[in-house]
Every structure is written in structure tokens, then in C-alpha cells.
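Just so you know, all these numbers are worked out from the coordinates, no wet-lab data involved. Just so it is clear, the model here is predicted, and its values are computed rather than measured. Quick reminder, even Gly has a Cβ in these numbers, built from the backbone with ideal geometry, and neighbours come from all protein chains shown.
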């Protein structure tokens, strides 16, 4: 039953995977719908290029940190004999927070670079 705690590693794995794919194959066309595609990134070609350069690193680094945090949380909750359902819920919520932090960090980076 506690093997279900491995599900908490899905979000960090996906964050690292997507960051790696974006790093290896950066999107160059704003209209393609690929890459880090937000309204802030689509303001201009310079915004777009900068977003494509910083987003992969943000998601890879946050994905690695999240992976370590999830492992520590899962081990701690296992040792405290907290129910698997609660442990999964805490892990998913933590993953979603880190995922939003990846977007937030990238958006702030773009806005700081292009103060208008």
C-alpha cells in the first residue's frame, strides 16, 4: 500500500522531463503554440526568446528540489504512520505548489528583464 507514495514523484519527474525537452528543442515560433507559451512570453519576440531560455532551467531546478522534498515528505509520513491517502494528498498539493512556482518564477524573470 505504501508503494503508492511513488505516485508523489510523478510531478517532479514531469517537470524535469518537460524542462529537458524545452531545453533540447526550444520553440522559436511564437505562433506555434509550443514552448513556454504565456501572454507575458508572447508580448514580443524578445520576450519569447528570453522566456524560452529561462523556463527550462527553472522547471528542471524546481523539479529536482521537489523530488527531494517529496522523498523526505513521503519517508516522514511513512515513519509517522500517516494514512496513504493523506500522504498522497499532501504530495500532490506540494507538487502543484512547486509547479505554479515554476510559472511564477519564469513570469517574474521575464517582467524583471523587460521592465516597461
If the chain between residue 20 and residue 46 were fully extended at 0.36 nm per residue, the gain over the current Cα-Cα distance would be 7.2 nm
So, relative contact order of the chain in percent, Cα under 8 Å, 6 or more apart, is 39 percent
Helix 10-24 sits off the longest principal axis of the Cα atoms of the chain, rounded to the nearest 10 on a 0 to 90 degree scale, by 30 degrees
Taking the chain and counting helices only, DSSP H stretches of n ≥ 4 at -39,500 (n - 2.57) each over all residues, the nearest-500 ellipticity at 222 nm comes to -24500 deg cm²/dmol
Taking 27-38, 45-56 and ranking on average Cβ neighbours within 10 Å, highest first, one gets 45-56, 27-38
In degrees, nearest 10, the alpha-carbon axis of helix 45-79 is tilted away from the dominant principal axis of the alpha carbons of the chain by 10 degrees
Helix 84-113 sits off the longest principal axis of the Cα atoms of the chain, rounded to the nearest 10 on a 0 to 90 degree scale, by 20 degrees
The stretch 5-25 and the stretch 64-107 have their Cα centres apart by a whole-number Å value of 14 Å
Quick P(r) readout (the stretch 1-68; Cα-Cα; 10 Å bins; whole %) gives 22, 42, 24, 10, 3
In Å³ per residue, the alpha-carbon convex hull of the chain encloses 100 Å³
